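Some notes on the structure that comes next.
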Amino acid sequence: MKKECIAMLLAGGQGSRLYVLTENMAKPAVPFGGKFRIIDFPLSNCTNAGIDTVGVLTQYRPLELNSYIGSGQPWDLDRDNGGVHILPPYQSATGASWYKGTANAIYQNIGFVDMYDPDYVVVLSGDHIYKMDYADMVAQHKRAGAACTISVMEVPWSEASRFGIMSVDGEDNITEFAEKPKEPKSNLASMGIYVFSWSKMREYLIADENDPASDNDFGKNIIPAMLGKGEKMIAYRFAGYWKDVGTLDSLWDANMDMLATGSGLDLLERDWPIYGRSISAPPAFLGKESCVEHSVIARGCIVGGKAENSVLSVSSVIEEGASVEYSILMPGAVVKKGAQVSYAIIGENTVVGENASIGALPDGKEGWGITVVGPETKVPDGYILAANHMLSKNMKEVAR
Amino acid sequence: MNGLHGIIFSYEKEPGLRELVEHRMPASIPFGGRYRIVDFMLSNMHNAGITDVGVVLHGNYQSLLDHVGNGKTWDMSRKYGGLRMLPPFASNRRYQSEEFRGKMEALAGVRSYLEEIRQDYVVLADSDLIINIPLTKVYEAHLLSGADITCVCTPHYRETEDATFFQLGKDNKVVKTLCDPKKPEGYHCLEIYVLRKELLLKLVDDCAAEEKVSFRRDVLNGMLDALDVRGYVWEGLAAQIRTLKEYYDRSMELLNPAPYLELFAPGRPILAKEDDEAPTYLAPGSKVVNSLIADGCIIEGTVENSILFPGVRIGKGTSVKNSVIFKGVQIEEDASVSYIIADKYVQIRRGGTLTGHENYPMAISKNTVI
């Protein structure tokens, strides 16, 4: 049963900043990039890196996520020894509690980790879009003999105060960690990806649990505690594409990055494939009168109208005379005849009624923003949803 | 447990399919932008709740084995039963080298498998048929009529090589069978048959004893007096793919919404092996109309009236018209192709021009570089 390295994927977050998109599902289950879900990225990175044992810590609205992960077969993670395991909070002899924080989630599953007796544990989160070889990060961790390695990337100085910022010495030893500092001393941002030596991590998780004042959070508690005790902590520098898709704007941006050749997000490149659960749909059908320009289009789409600079996910439909621009149609979304969708995210299986108008072009005025319609929503014919507004399944409309 | 067991035949070589069968059996010819022809019958069986299927094989079946794998795609990777590939068994040495001359000979080659079938009824089908048919309805009709054999047939004949026809009498009783007649008449037989397992075994033994090899000639025709054979009339889309022209015409039909929506009805999905490709990218300046586009393509040129399989690259300034382009084909910049069928991994270099004809599409063999 022993594994040198296993991964623990924190997928319990509610994703409240995705608002209507996460009313009924956890953030990692949110569709991305036309045919994927956010969690496909860390799971595929694991399998591509040769990590065959992954614990997925779930808590908020896990139904969608659990059935999506299933046996793990799409990511080649259906293994006799190891594989993917869903780990919800559970009841024990001494009582039961929800996961209080990221560190507590793993603390509550110390028994699971111990089963595999790993030397290293990779801690991942379920809200980032990126391709990364964790094996390379673990190799650096081993070479350095570190207790903890944190992957970092350089961000523009002007944005550094939005991130957890690491200060390092000349050998990339982490000397200081500051969560969203007002005056950042470095522009190396933590990507929320950690490698720990399990024996050390175990020690700190137990100590943290015994501290009633702790928030039981990796960034707020565990990392500062380890730094305070002088543990060897190293930065792992990452230079590829990475985006946190925890907000509606960043989710829209990351989808649009598929259209921007310079963005670095290339899902068609085959060296590091992203896997997802198989979807049975025929090839996309672009009709005689269709006009699709500069877009990403997935299987099952039927286009009779017009699309420009958009992401058309699996089995989405644009009827004759309808037009979609700078928008994301999530799987199964339908835009009926004569409807207009601009700068918007249309949720899964939502139907935009005939001649409805969703969102509007940014015309340089202040206050424009992405318009969002939640999943499974029936937008009536002729309905007008202004820019920067949200509409949910129960037809509740709010300004963002 | 469902009462139906599936048998799919894949032994006919169909030389009329020319370049498309150089490296594979007709069953594993790519069709419809992301499928292999056999996916249709396997999916029909899956959608009817059938979990146990035997595929009777002879010939160059490596590509077919690669494609169907353990049958997981159709939920046929089961602890008991599931999908079984059936090359002629070693104990039946006489079938090892020659081709099968007919279904009865093919079945005799796997007789020991037939004996082990757990279900009472068997549905026999060819692997060269494009159809989305609810087989449960055929099965129910068979049980209801009390017929010995129920055969699916269509009143809408479209030119097919070596077709079989029925004349139907009262209660759709087959009163006459015509094999490959000069002039088509009556109902075109789609070679999907439902019958009792016990009857099938008896017919296999009777035919073997008399050196009879053909289901349609020796059973349907030869034993018509002794058997109650009925037609099940199918009004929907159906196409047997036996020549390159048939392949091309039936492919192009999918560019009309009605056949596309019928064949790919969401309630009875056609399932294919996952290609793990990201969605297709249509670059600025590209143009795609009236076409079927699979995942994983990068299109910078113009595509019209065409079908693109996964992972195709179409360069800037290139025009693709009226063509079927298989997986992984690369057509570089400023090329122009029309009425072609490009097999897997064909490469057409910058500036190349290739034109077939509507009546004689040009097929380009796998891996060719032009």
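Under 6 Å by Cβ, and 6 or more places apart or on different chains, what pairs join a residue from the stretch B:169-189 that is acidic (Asp, Glu) with one that is at pLDDT below 90?
From the stretch B:169-189, the pairs are B:Asp180/B:Asp162.
Looking at A:Pro331 and the list (1) within 8 Å of chain B (Cβ to nearest Cβ); (2) touching a Pro at 6+ places or on another chain (Cβ under 8 Å), which single condition is not satisfied?
For A:Pro331, the exception is condition (1).
Test A:Asn45 against the criterion of being buried (at least 24 other Cβ atoms within 10 Å of the Cβ), out of contact with any Leu (no Cβ under 6 Å at 6 or more places or on another chain) and in a helix (DSSP H, G or I), and give yes or no.
yes
Does A:Lys100 satisfy the condition of being of a type in the set (Lys, Arg) and at pLDDT 95 or above?
Spelling it out, it is not the case that A:Lys100 is of a type in the set (Lys, Arg) and at pLDDT 95 or above.
Table: residues versus (1) aliphatic (A, V, I, L, M); (2) at pLDDT below 95; (3) touching a Ser or Thr at 6+ places or on another chain (Cβ under 8 Å).
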site: B:Cys207; (1), (2), (3): no, yes, no
site: B:Phe215; (1), (2), (3): no, yes, no
site: B:Val233; (1), (2), (3): yes, no, yes
site: B:Ile241; (1), (2), (3): yes, yes, no
site: B:Leu244; (1), (2), (3): yes, yes, no
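Run A:Gly228 past the list (1) closer than 30 Å to A:Tyr194 by Cα; (2) touching a strand residue (DSSP E or B) at 6+ places or on another chain (Cβ under 9 Å); (3) more than 8 Å from chain B (Cβ to nearest Cβ) and report the number of the one that doesn't hold.
Answer for A:Gly228: the failing condition is (2).
Which is aromatic (Phe, Trp, Tyr) and more than 22 Å from the chain's Cα centre (by Cα), of B:Tyr139, B:Tyr157, B:Tyr187, B:Tyr113?
From the options B:Tyr139, B:Tyr157, B:Tyr187, B:Tyr113, the qualifying one is B:Tyr113.
When the stretch A:275-301 is examined, which residues are found to be in a loop (DSSP other than H, G, I, E, B), touching a strand residue (DSSP E or B) at 6+ places or on another chain (Cβ under 7 Å) and facing chain B (nearest Cβ under 7 Å)?
Matches in the stretch A:275-301: A:Pro283, A:Gly287, A:Lys288, A:Ser290, A:His294, A:Ala298, A:Arg299.
Scanning for something facing another protein chain (nearest Cβ under 9 Å), outside any strand (DSSP E or B) and at pLDDT 95 or above, does the stretch A:318-328 turn up at least one residue?
Residues of the stretch A:318-328 facing another protein chain (nearest Cβ under 9 Å): none.
No, the stretch A:318-328 contains no residue that is facing another protein chain (nearest Cβ under 9 Å), outside any strand (DSSP E or B) and at pLDDT 95 or above.
When the stretch A:114-132 is examined, which residues are found to be in a helix (DSSP H, G or I), out of contact with any strand residue (DSSP E or B) (no Cβ under 6 Å at 6 or more places or on another chain) and not charged (D, E, K, R)?
A:Met115
Quick one: would you say A:Leu265 is within 11 Å of another protein chain (Cβ to nearest Cβ), touching a helix residue (DSSP H, G or I) at 6+ places or on another chain (Cβ under 9 Å) and at negative phi? Before the answer, list the steps.
Working: within 11 Å of another protein chain (Cβ to nearest Cβ): yes; touching a helix residue (DSSP H, G or I) at 6+ places or on another chain (Cβ under 9 Å): yes; at negative phi: yes.
In short, yes.
Considering only residues that are in a helix (DSSP H, G or I) and either closer than 23 Å to A:Asn45 by Cβ or polar (S, T, N, Q) (or both), which ones fall in the stretch A:212-241?
Residues satisfying the conditions are A:Phe218, A:Gly219, A:Asn221, A:Ile222, A:Ile223.
Go over the candidates B:Leu237, B:Leu220, B:Leu254, B:Leu244 one by one and state the one that is within 26 Å of B:Glu159 (Cβ to Cβ), assigned by TED's automatic domain parsing to the domain that holds B:Leu114 and in contact with a Lys or Arg (Cβ under 7 Å, 6 or more places away or on another chain).
Answer to the selection: B:Leu244.
When the stretch A:138-165 is examined, which residues are found to be at pLDDT 95 or above, more than 20 Å from the chain's Cα centre (by Cα) and crowded, with 17+ Cβ neighbours inside 10 Å?
A:Val138, A:Gln140, A:His141, A:Ala146, A:Ala147, A:Cys148, A:Thr149
Given the conditions (1) closer than 20 Å to A:Tyr116 by Cβ; (2) free of Cβ contacts under 8 Å to residues at least 60 places away in the same chain, report the number of the one that A:Cys46 does not fulfil.
(2) is the only condition that A:Cys46 fails.
What is the number of the single condition among (1) within 21 Å of A:Asp266 (Cβ to Cβ); (2) in contact (Cβ under 8 Å) with a residue 60 or more places away in the chain; (3) within 11 Å of chain A (Cβ to nearest Cβ) that B:Pro279 does not meet?
Answer for B:Pro279: the failing condition is (2).
What's the total number of residues in the stretch B:170-218 that are surrounded by 15 or more Cβ atoms within 10 Å (Cβ to Cβ), assigned to a loop (DSSP other than H, G, I, E, B) and among the basic types (Lys, Arg)?
So the count comes out to 1.
Could you check how many residues of the stretch B:260-277 are farther than 30 Å from A:Asp76 by Cα and surrounded by fewer than 17 Cβ atoms within 10 Å (Cβ to Cβ)?
Residues that pass the stated criteria total 2.
Taking B:Arg78 and the conditions (1) assigned to a loop (DSSP other than H, G, I, E, B); (2) surrounded by fewer than 22 Cβ atoms within 10 Å (Cβ to Cβ); (3) more than 14 Å from every other protein chain (Cβ to nearest Cβ); (4) out of contact with any Ser or Thr (no Cβ under 6 Å at 6 or more places or on another chain), which numbered condition does it fall short on, given that it satisfies the others?
Here B:Arg78 meets the rest and fails (4).
Can you find a residue in the stretch A:190-211 that is surrounded by fewer than 18 Cβ atoms within 10 Å (Cβ to Cβ) and not in a helix (DSSP H, G or I)?
Within the stretch A:190-211, one or more residues are surrounded by fewer than 18 Cβ atoms within 10 Å (Cβ to Cβ) and not in a helix (DSSP H, G or I).
Can we say B:Gly301 is touching a residue at least 24 places away in the same chain (Cβ under 8 Å) and farther than 23 Å from B:Tyr339 by Cα?
Numbers: touching a residue at least 24 places away in the same chain (Cβ under 8 Å): yes; farther than 23 Å from B:Tyr339 by Cα: no.
No; evaluated as a whole, the condition is false for this residue.
Checking the structure you have, find out if any residue of the stretch A:135-152 is in a strand (DSSP E or B) and more than 25 Å from A:Tyr99 (Cβ to Cβ).
yes
Starting from residues that are small (Gly, Ala, Ser) and more than 17 Å from B:Leu135 (Cα to Cα), keep the ones in the stretch B:19-60 and report whichever is modelled with the lowest pLDDT.
Among residues in the stretch B:19-60 that are small (Gly, Ala, Ser) and more than 17 Å from B:Leu135 (Cα to Cα), the one modelled with the lowest pLDDT is B:Gly59.
Would you check if A:Val314 is closer than 21 Å to B:Gly267 by Cβ and surrounded by fewer than 24 Cβ atoms within 10 Å (Cβ to Cβ)?
no
What number of residues in the stretch B:219-253 are among the charged types (D, E, K, R), crowded, with 20+ Cβ neighbours inside 10 Å and more than 18 Å from the chain's Cα centre (by Cα)?
Result for the stretch B:219-253: 1.
Restricting attention to the stretch A:76-111, which residues are hydrophobic (A, V, I, L, M, F, W, C), surrounded by fewer than 13 Cβ atoms within 10 Å (Cβ to Cβ) and not in a loop (DSSP other than H, G, I, E, B)?
Correct list: A:Ala96 only.
The values are calculated or read from the model by the stated rules, or taken from the named source; none is laboratory data. Source: prediction; values computed, not measured. Backbone-built Cβ (ideal geometry, glycine too); neighbour counts: all protein chains shown.
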